[in-house]
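Chemist: Sharing a structure here in structure tokens format.
The values are calculated or read from the model by the stated rules, or taken from the named source; none is laboratory data. Keep in mind that this is a model prediction, so the values were computed, not measured. Note that we place each Cβ from the backbone using ideal geometry, even for glycine, and neighbour counts take in every protein chain shown. When the accessible area is computed, the model is the full protein with side chains, heavy atoms only, and any ligands, DNA or RNA have been set aside. Shrake-Rupley method; radii C 1.70, N 1.55, O 1.52, S 1.80 Å.
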Amino acid sequence: MANIVTSFCCVVLAAVVVVYAQRRSQQGARIQYEKIGSDVTMQCGSLDNDASVTWKVNGTDVKARRREEGPRLILMEVNMSSNGLYSCFQNPDGQRRDQINLRVGLPPKEPQVTCRSNTYPKGFYCSWHLQHPTYIPTDFEVDVQHNQRPLEVTRDEVHKNRCHVKFPELFTSFPYRVNVTAVNSLGRASSAISFEESSIVKPDPPEKVVAKPVANNARRLEVTWNSPSTWPDVETFPLKYFLRYRPLIRDQWQHVELSDSTSHTITDAYAGKEYIIQLAAKDMEIGTWSDWSVAVHATPWMEEPKPITSTTESDIIPETTVEVFQGFMNNKFLFRVFCRLVS
């Protein structure tokens, strides 16, 4: 048993040493970014053109389509499998002279940019993404301007492709312009959008939606909710709400628009049918409706059925039968005749 444990520890230690050595090697290597589909030339340090070298990739022979010209290795039409740590060794002593960490990818295309204010009137945020991957590190430069003045941009700590901007003033007629540029070692591409303040206002959905049956009423459901917690000043900038509900057995929604209220009683529910209920919110004056809230389910009140007692005909003795039997027992003559017949 001790030998098995010792052998296992040796294997683990060897693996750790290999990984550590690979990381140390990569740290000392220079990174070379190249475009997918291109022919790539890697130079072995500053060796002369007549130097003879041997190339390895990740410690093994290079098997990709290639051409070697003195200290240079030329890979033909590289693809993602060409990524790796390339090392060159000078002949004949085999001394390593250079290391190159080849990273193959693509230049960025124009990013998709959207902006929205769910914290009106405090500010808005903009987010962006690339429709196609680049496979190599890509950064983004963001520029926001209003009335030809640059605004301060705060990058989001959680969402790397998002930034926050404060409104410099409210109820302005000047549009905002947002320009986002994607940049990597192979190129750069930009997208710009313009919008007015009112067009990007969109609250988050209402929160804590609750639906309960109304006692002793088989067609009513009481629905309550809270305004979105991200909306900073519901008193000054009130919200209106849009309620939709339907029984699970039907696909068609019923709708109710409500002004400045966080409760509503549904009065036309089908008795005994389970309902699905959702809400959306919108600023009273500007912007668009929020997304729908998380769906809740509820069933109207139902009267509890009364217990049923089981009886059979044999359990019931008619009153007339009892009276006849009692009369028979009281008549002494008939009783004596009955006893003689039985004996």
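Chemist: Within the set of pairs 6+ apart or on separate chains, which have a first residue in segment 220-240 that is within 20 Å of Ile276 (Cα to Cα) and without any contact (Cβ under 8 Å) to a residue 60 or more places away in the chain, a second that is assigned to a loop (DSSP other than H, G, I, E, B) and of a type in the set (A, V, I, L, M, F, W, C), and C-beta atoms under 9 Å apart?
Modeler: Pairs that qualify, where the first residue is within 20 Å of Ile276 (Cα to Cα) and without any contact (Cβ under 8 Å) to a residue 60 or more places away in the chain and the partner is assigned to a loop (DSSP other than H, G, I, E, B) and of a type in the set (A, V, I, L, M, F, W, C), are Glu222/Val214; Ser227/Val234.
Chemist: Looking only at segment 130-147, count every residue that is open to solvent by 80 Å² or more (accessible area, probe 1.4 Å) and over 13 Å from Cys163 (Cα atoms) and tell me the total.
Modeler: Going through segment 130-147 one residue at a time, the tally reaches 4.
Chemist: Give the residue that is least open to solvent (accessible area, probe 1.4 Å), with candidates limited to residues of segment 218-231 that are part of a loop (DSSP other than H, G, I, E, B) and of a type in the set (S, T, N, Q). Spell out the reasoning first.
Modeler: Quick first cut of segment 218-231, residues part of a loop (DSSP other than H, G, I, E, B) only: 218-220, 227-231.
Those still in the list that are of a type in the set (S, T, N, Q) too: 227, 229-230.
Numbers: Ser227: 36, Ser229: 89, Thr230: 52 Å².
Among those that are part of a loop (DSSP other than H, G, I, E, B) and of a type in the set (S, T, N, Q), it is Ser227.
Chemist: A further question follows. Anything in segment 14-51 that is modelled with pLDDT of 95 or more and either among the polar types (S, T, N, Q) or assigned to a helix (DSSP H, G or I) (or both)? List them, or say none.
Modeler: Selection gives Gln32, Ser38, Thr41, Gln43.
Chemist: With the requirement that a residue be farther than 15 Å from Val62 by Cβ and surrounded by 18 or more Cβ atoms within 10 Å (Cβ to Cβ), what does segment 88-98 give you?
Modeler: Selection gives Gln90 alone.
Yes/no per residue for (1) surrounded by fewer than 16 Cβ atoms within 10 Å (Cβ to Cβ); (2) not in a strand (DSSP E or B):
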| position | (1), (2) |
| --- | --- |
| Trp55 | no, no |
| Ala64 | yes, yes |
| Glu68 | yes, no |
| Val78 | no, yes |
| Tyr86 | no, no |
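Chemist: Please verify whether Asp39 is in contact (Cβ under 8 Å) with a residue 24 or more places away in the chain and either surrounded by 13 or more Cβ atoms within 10 Å (Cβ to Cβ) or more than 47 Å from the chain's Cα centre (by Cα) (or both), treating the condition exactly as stated.
Modeler: In short, yes.
Chemist: Right, something else. Tell me yes or no: at least one residue of segment 119-129 is among the charged types (D, E, K, R) and either open to solvent by less than 50 Å² (accessible area, probe 1.4 Å) or touching a Phe, Trp or Tyr at 6+ places or on another chain (Cβ under 6 Å) (or both). Walk me through it before giving the result.
Modeler: At the first step, the residues of segment 119-129 found to be among the charged types (D, E, K, R) are 122.
Then drop every residue that is not either open to solvent by less than 50 Å² (accessible area, probe 1.4 Å) or touching a Phe, Trp or Tyr at 6+ places or on another chain (Cβ under 6 Å) (or both), which leaves none.
No, segment 119-129 contains no residue that is among the charged types (D, E, K, R) and either open to solvent by less than 50 Å² (accessible area, probe 1.4 Å) or touching a Phe, Trp or Tyr at 6+ places or on another chain (Cβ under 6 Å) (or both).
Chemist: For segment 177-217, which positions are part of a loop (DSSP other than H, G, I, E, B) and buried (at least 16 other Cβ atoms within 10 Å of the Cβ)?
Modeler: Answer for segment 177-217, where residues must be part of a loop (DSSP other than H, G, I, E, B) and buried (at least 16 other Cβ atoms within 10 Å of the Cβ): Ser185, Leu186, Lys202, Pro203, Asp204, Pro205, Pro206, Val214.
Chemist: In segment 243-284, what residues are more than 24 Å from the chain's Cα centre (by Cα), touching a residue at least 40 places away in the same chain (Cβ under 8 Å) and within 21 Å of Ser199 (Cα to Cα)?
Modeler: Answer for segment 243-284, where residues must be more than 24 Å from the chain's Cα centre (by Cα), touching a residue at least 40 places away in the same chain (Cβ under 8 Å) and within 21 Å of Ser199 (Cα to Cα): Asp283, Met284.
Chemist: Within segment 245-284, how many residues are at pLDDT 95 or above, open to solvent by 80 Å² or more (accessible area, probe 1.4 Å) and under 28 Å from Thr230 (Cβ atoms)?
Modeler: 2
Chemist: Further question: Name the residue, out of Pro205, Pro168, Pro175, Pro150, that is within 27 Å of the chain's Cα centre (by Cα) and of a type outside the set (D, E, K, R).
Modeler: It is Pro205.
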